[in-house]
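Only the coordinates and a few stated rules stand behind these numbers; no lab work does. Model, not experiment: these values are computed from the prediction. Positions of Cβ are generated from backbone atoms using ideal geometry, with glycine treated the same way; all protein chains shown enter the neighbour counts.
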Amino acid sequence: MAIFGVIDELLLKTGVQCEDIGILITVFCGYNIMPSVSSVIVKRYNLRHDIRTYNVTGMGCTAGLVALGLVQNLLKVHDNSCALVVTSESTTANVYKGNDRSKLLSNCIFRVGAVALLLSNKPSDLNTSKYELIHTVRSQTSDDDRSYNCIFMEEDDEGHRGVTINKDLLYAAIKTIRLNISTVAPFVLPLSEKFRYLVNLISTKSKVGPYSPNFSKSIDHFFPHVGGKPVLDDLQNKLGFSDEQMEASRMTLYRIGNTSSSSIWYEVAYAEAKGRVKKGDALWQIAFGSGFKCNSVIWKAIRSVNRDEMNPWRDEIHEFPVDVSDIEVIPDLFVASK
């Protein structure tokens, strides 16, 4: 399995011993086995008997950030602890074998990927860590029927199980992302941007156009989920990020593809391989998925991060970026909403 490779590399790179890991969280969108994946990992690496294990499933491409919020809360109550988060997806387990066009899209857009990361609240780990977890923000619009039904696992008329993706996906994504961004904004925007927004809000009676805060003034690196080119285009236009700040997401979509909840970590690895992450930089990861849910995580770089030998981009980073302006989006396979 891909997860064993990334765990092996992580333990080798960090020097963390298996007996030091007190929390384990595994993340899969639609893959569920018994015993659980976390149990498989505990057995393979002979992890300690009192380890706290959790499996996050069925929460879409944003599940990896959901897991980080869970880790953040666990580390607040368990002192001197180290948590291992493993996120991946199995494309073969959920291959749709029928002829319903709305369910064929998921067969086309997903690829296999895996990521493992360690989070710690041990003071001794501060000097060797890359990032500090600052904020986690969760939003969802499951109370809205259009959002709830836009991505739905169900059987077709012939009994083949698959994931239906309908035309309300863009509606749900925009609505939920906006809700999440409005919650993130007070945590990250500088006072100057907050003031402009307040003035604009007061001036709405004078028919002044809505003001869109410029997040690039407070965020150095932006890593949105690679759900598709139209979504990336819309986020860049609305939030004011430059082409270079969007480069990691676009190149990940082009080269790696949509690997579900692990995609945003390939984006971070791209920025690291380019040597762009410097001490004190603010990083914003945002991902969205079925439900409909959207989650954001804000990090601060503790030190400058350079390319290392275990970076997944190490053998080809010199070939990027490439021009993707003429790449066409996937043809419309959606069906009408329920």
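Take the cross-link list K229/K279; K13/K217; K13/K274 and give me the ones stretching past 27 Å between alpha-carbons.
Numbers: K229/K279 30 Å; K13/K217 33 Å; K13/K274 19 Å.
Violating the 27 Å limit, Cα to Cα: K229/K279; K13/K217.
Among the helices of the chain (complete DSSP H runs), which have Cα atoms covering no less than 18 Å along the helix axis and a Kyte-Doolittle mean of at least -0.5? Spell out each step's value before the answer.
Values: long enough: 2-14 (19 Å, 1.32); 63-77 (22 Å, 1.57); 169-188 (28 Å, 1.23).
Counting only whole DSSP H runs, the qualifying helices are 2-14, 63-77, 169-188.
How do D233, D326, D281 line up, fewest other C-beta atoms within 10 Å first?
Working: D233 13, D326 5, D281 18.
By the 10 Å Cβ count, ascending, the order reads D326, D233, D281.
How large is Rg over Rh for the chain, taking Rg from the Cα atoms and Rh as the Kirkwood inverse mean of 1/r across Cα pairs?
Values: Rg = 20.3 Å, Rh = 21.0 Å.
Reported Rg/Rh (Cα atoms, Kirkwood Rh): 0.96.
Based on the Cβ-Cβ distance from I302 to R101, what FRET efficiency comes out when R0 is 41 Å, to the nearest 0.05? Intermediate values should be presented prior to the final figure.
Details: r = 48 Å, r/R0 = 1.17.
According to the calculation, E is roughly 0.30.
Ordered by residue, what ³J(HN,Hα) values in Hz, to whole numbers, does the stretch 84-100 give under the Karplus form 6.51 cos²θ - 1.76 cosθ + 1.60, where θ = phi - 60° and Gly and Pro are x?
Listing the rounded values in order: 10, 10, 10, 10, 7, 7, 10, 6, 5, 5, 10, 5, 8, 10, x, 10, 6 Hz.
With +1 on each Lys and Arg Cβ and -1 on each Asp and Glu Cβ, and nothing else charged, work out how big the dipole of the chain is about its Cα centre, in Debye to the nearest 20.
On the way: 37 positive and 38 negative charges, 211 e Å.
Its charge dipole is roughly 1020 debye.
If I build a Gaussian network model for the chain, linking alpha-carbon pairs within less than 10 angstrom, which residue out of A301, A63, A83 has the largest mean-square fluctuation?
A301
By the scheme Lys and Arg +1, Asp and Glu -1, what is the net charge of all other residues having a beta-carbon under 11 Å from that of G30? Mind showing how you got there, number by number?
On the way: positive: R161; negative: E89.
Value of the local net charge: 0.
Please give the peptides 248-259, 138-149, 287-298 ranked by average Cβ packing (other Cβ atoms within 10 Å per residue), highest first, as a rough proxy for protection. Kindly include the intermediate steps, with their values, before the conclusion.
On the way: 248-259: 21.8, 138-149: 16.4, 287-298: 25.3.
Highest-to-lowest ranking by the protection proxy: 287-298, 248-259, 138-149.
Counting only residues 5 or more places away or on other chains, whose amide H sits under 5 Å from the amide H of R111 once H atoms are built in the peptide plane?
Counting only residues 5 or more places away or on other chains, the set is N258, T259, S260.
Taking the Cα-to-Cβ direction at E155 and at N46 and moving 7 Å from each Cα, how far apart do the two end points lie in nm?
4.5
Give me the distance between the Cα centres of the stretch 209-284 and the stretch 72-137, rounded to whole Å.
17
Once every DSSP H run of n ≥ 4 in the chain is given -39500 (n - 2.57) and the sum is divided by its residues, what mean residue ellipticity at 222 nm do you get, rounded to the nearest 500 deg cm²/dmol?
-11000 deg cm²/dmol
Between rounded, prolate and oblate, where does the stretch 131-307 land on the alpha carbon gyration tensor, with a ≥ b ≥ c its root eigenvalues, rounded for a/c under 1.5, else prolate if a/b exceeds b/c?
Details: a/c = 2.14, a/b = 1.19, b/c = 1.80.
Cα axes put the stretch 131-307 in the oblate bin.
Run the simple label-point estimate for T57 and C108 please: 7 Å along Cα→C-beta, distance reported in nm.
Computed distance between label sites T57 and C108 equals 2.8 nm.
Calculate, in nm to one decimal, what I327 and D8 gain on full extension: separation in residues at 0.36 nm each, minus their alpha carbon distance.
Numbers: separation 319, 0.36 × 319 = 114.84 nm, distance 3.57 nm.
Length gained, I327 through D8: 111.3 nm.
For the stretch 315-327, take each phi angle, set θ = phi - 60°, evaluate the Karplus expression 6.51 cos²θ - 1.76 cosθ + 1.60, and give the result in whole Hz per residue in order, putting x for glycine and proline.
Result, rounded to whole Hz: 8, 9, 4, 5, 8, 10, x, 10, 7, 10, 5, 9, 6.
Scan around T164 for amide H atoms under 5 Å from its own, H built in the peptide plane at 1.01 Å from N, and keep only partners 5 or more places away or cross-chain.
F152, M153, E154
Could you pull out every residue, at least 5 positions away or on a different chain, whose amide H is within less than 5 Å of the one on V277? Hs are placed 1.01 Å off N in the peptide plane, and Pro or chain starts have none.
Residues meeting the amide H criterion: V305.
Let me check against my output: what whole-number percent is the relative contact order of the stretch 2-128, with C-alpha pairs under 8 Å and at least 6 apart?
Working: 184 pairs, mean separation 41.6, N = 127.
Contact order relative to length: 33 percent.
Which of V277, V322, V163 moves the most in a Gaussian network model of the chain with Cα springs under 10 Å?
With Cα springs under 10 Å in the chain, the top fluctuation among V277, V322, V163 is at V322.
What's the exposure ranking of I327, I21, going from fewest to most Cβ atoms within 10 Å? Spell out each step's value before the answer.
Working: I327 11, I21 22.
Ordered by Cβ neighbours within 10 Å, fewest first: I327, I21.
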